[in-house]
Structures are given as C-alpha cells and as structure tokens.
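Worksheet: one structure, shown below.
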Amino acid sequence: LALTSRDNGDKYSVLLPTYNERENLPLIVWLLVKYFGESGYKYEIIVIDDGSPDGTLEIAQQLQGIYGEDKILLRPRAKKLGLGTAYIHGMKHATGNFIIIMDADLSHHPKFIPEFIEKQREGDYDLVSGTRYRGNGGVYGWDLRRKLISRGANFLTQVLLRPGASDLTGSFRLYKKEVLESLVERCVSKGYVFQMEMIVRARQLNYTVGEVPISFVDRVYGESKLGGNEIVSFAKGLLTLFATT
C-alpha cells in the first residue's frame, strides 16, 4: 500500500541556489538522493549556481555525472543575482508539481523532506514550512545574540503582520508549484526579508500553511552537526562511487 500511495504522479523539484558551496554541495546532494531514495518519492535537484568563483559549478557537473542528468539539473547564471530571481529561474526548468526550497549550506537537513511531503498530503496544504520554534524544532550552533535577533524578528513580524506561521525567516519549505509561482511574482524584497514576505503574502492570498518542526544547523562545514555516522557513510558512498564510475 505504502508504495502505491507514494507513486501518484507527484514529483518534487528541489531548488538549490548556490554561491561558493563546493564543500557542502556533494554532501547535501548525497543526503537528498539518500532520503528521496529511501522514501520512494520522485524528485529532481536543480542547482542554480550564481557564478561561484570557488568552482561549485565544476563540482555540480561531477555530481551530475555520478547521479545522472535526470536527477541533477544545472541551471547556472553568470553572476550573483539574488534568491528571488534564483527561484524564478529554477522554477522555469522544474518538471515537478511541487517545489522544495532549501539552503545548500547544510543548515537544512534533507531528512525532514519526507515529513514535509507527508504533512502536505495530510492537509493538502499549499505550502509547508520547516519551523524551528514549534515542537522539537531547534537551532544548533547559533549564539544567543543571533537566537534573540531571529526570535525577535519572528515575534515582531507575527505581532505586526499576524501571518500565522511560527517561523518566518526560515527558507526550508515545500510549495505547490503554482503557489510558489504566484507568490514569487508578487514579492519585491531581496535576501533575508524575501522569505518573510513569501509567508505574509501567502496569508494574504489565503493559502494554507502546514508546519514541520525541524532542527536548523548554522553553516556546518568544519564542525558538522550532521551525525558522525552520516559523514562516514557519505565517505564510504563516495569511495564506492569513485570505484564504480
């Protein structure tokens, strides 16, 4: 039963805007492939690199060689043009009817994606947002000042705009494709505020929002908050790939 319900034609396009993520990209892609593979949902990963000088795009090309062009799509741009336009650019090429947006820097763990998908199906939500301030969601590696600023930003927005989602600055979300398209067209902000504006506008348009508690890890490379065993199995996976490709 589980398998038939998973394969109902839904496909999930993950948009990964990157800028200087050569160290993180192989691990985030490996984790995405792992969790999508285990849960059996159809997916594609769209890497939108904004002309990273560190060679992120070359790494992405190697990953495409490993995992296949049907799974990894490269849609680079010549220079850093910002998040909002990256999503618009990525969506043009997405073949999924759902879009997942997340950061490529490993602050968002792909293991939560199956929960996002289940939550979306449970209530047929227009969008599902990963929240750090509900249930067992938490923030690792943030110092107190940043926690206060982030909580403060959320609190102020909640009070002033009453958008009804408990984490507005997060950028780990699942959208119905047409919902994201209509939101992005209306959003004018750039960067950090863009994520907040999306949720606020979603509320104005009466879109429904589901929430999944996530733990959020501050840019990990160097002192990874991913479990040690994940790093080990990632390394093993890499060795196997290099041995077989």
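What follows draws every value from the coordinates through simple rules; no lab data is involved. Since this is a predicted model, take the numbers as computed values, not measurements. Cβ atoms come from the backbone with ideal geometry, glycine included; neighbour counts cover every protein chain shown.
Per-peptide packing, taken as the mean over residues of other Cβ atoms within 10 Å, places 98-107, 69-78, 199-208, 47-56 in the sequence 98-107, 47-56, 199-208, 69-78 from highest down. Which percent of Cα pairs goes in each bin when the distances of segment 70-111 are cut into 5 angstrom slices starting at zero? Pair shares across the bins are 5, 16, 27, 29, 19, 4, 0. Put simply, the amide H of LYS42, placed in the peptide plane, has neighbours under 5 Å in TYR12, leaving out anything fewer than 5 places away on its chain. Distant-in-sequence amide contacts of GLY96, defined by a placed amide H-H separation under 5 Å and a gap of 5 or more residues or a different chain, comprise SER13. Summing Lys and Arg as +1 and Asp and Glu as -1 over all other residues whose Cβ lies under 13 Å from the Cβ of SER52 gives a net charge of -3. Shape call for segment 19-68 from the C-alpha gyration tensor, a ≥ b ≥ c root eigenvalues: rounded (a/c under 1.5), prolate (a/b greater than b/c) or oblate? Cα axes put segment 19-68 in the prolate bin. Proximity of backbone amide H atoms, modeled 1.01 Å from N, is registered between THR131 and VAL212, ILE214 at under 5 Å, excluding neighbours fewer than 5 places apart on the same chain.
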